[in-house]
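Everything on this sheet refers to the single structure shown next.
The values are calculated or read from the model by the stated rules, or taken from the named source; none is laboratory data. What you see is a predicted model, and the numbers here were worked out from it, not measured in a lab. Ideal geometry is used to build each Cβ from the backbone, glycine not excepted, and the neighbour counts take in all protein chains shown. Surface accessibility is based on the protein's heavy atoms, side chains included, excluding ligands, DNA and RNA. Shrake-Rupley method; radii C 1.70, N 1.55, O 1.52, S 1.80 Å.
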Amino acid sequence: MQGDSAAAQSAFLTARAEMERIVREQPNYASAVCTLALIDAGLGRKKESIEEGRRACELLPIAKDSINGVHMMEFLAVVYAWTGEKDLAIEQLRATLPYPGFISYGQLKLHPFWDPLRGDPGFEQIAASLAPKDSAATAK
């Protein structure tokens with residue numbers, strides 16, 4: 001995100017070694033699997049990251065944990081975005097909207113997680129749907 005690919009690769013590889021160890025020791029720890037998915041997406045390991053992201057959602061569905069389950073879904077959308085699967089990212093993002101989570105207008109407009117989706121009409125539609133309403137117009 002800062003334009004230093006070599007430093008990013010090094011950091012991702014270091015983080016991956018640690019997360020891989022944690023996942024090996026605790027294979028059903030959804031947050032660790034999810035973090036490994038994000039790391040692998042950052043490393044360009046598309047197949048692995050998508051599999052891990054989906055597994056994290058399976059391990060911790062909303063029915064089991066309504067707060068963290070939504071976060072697994074949100075981060076799967078990030079994994080899809082980072083791996084070039086824009087349609088899947090937008091579909092996943094839409095699936096999270098009915099639930100309370102960290103997705104907001106400001107987050108979609110400003111957070112670098114979503115840079116790969118900027119300009120996509122589906123993504124822009126979701127962001128616009130979350131935009132603050134004009135309170136002056138609403139008050140009239």
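Note on region 59-81: residues that are part of a helix (DSSP H, G or I) and within 15 Å of the chain's Cα centre (by Cα) total 14.
Kindly check whether there is at least one residue in region 2-9 that is of a type in the set (Asp, Glu) and in a helix (DSSP H, G or I). No, there is no match, as no residue in region 2-9 is of a type in the set (Asp, Glu) and in a helix (DSSP H, G or I).
For every residue, the table says whether it meets (1) within 24 Å of Pro121 (Cα to Cα); (2) open to solvent by less than 70 Å² (accessible area, probe 1.4 Å).
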| residue | (1), (2) |
| --- | --- |
| Ala7 | no, yes |
| Arg16 | no, yes |
| Glu85 | yes, yes |
| Glu91 | yes, no |
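For the condition within 14 Å of the chain's Cα centre (by Cα), free of Cβ contacts under 8 Å to residues at least 60 places away in the same chain, outside any helix (DSSP H, G or I) and surrounded by fewer than 21 Cβ atoms within 10 Å (Cβ to Cβ), Gly101 qualifies. Among the residues of region 41-70, those that are within 20 Å of Pro112 (Cα to Cα), of a type outside the set (A, V, I, L, M, F, W, C) and at pLDDT below 95 comprise Gly42, Gly44.
Checked against (1) closer than 24 Å to Pro61 by Cα; (2) at pLDDT below 95, Ala6 passes all but condition (1). Screening Ile67, Ile62 for residues that are surrounded by fewer than 14 Cβ atoms within 10 Å (Cβ to Cβ) and closer than 22 Å to Asn28 by Cβ leaves exactly one candidate, Ile67.
Looking only at region 10-58, residues that are touching a His at 6+ places or on another chain (Cβ under 9 Å) and not in a helix (DSSP H, G or I) come to 0 in all.
With the structure loaded, tell me whether Arg55 is open to solvent by 50 Å² or more (accessible area, probe 1.4 Å) and closer than 23 Å to Gln9 by Cβ or whether it fails that test. Break it down stepwise before answering.
Working: open to solvent by 50 Å² or more (accessible area, probe 1.4 Å): yes; closer than 23 Å to Gln9 by Cβ: no.
No.
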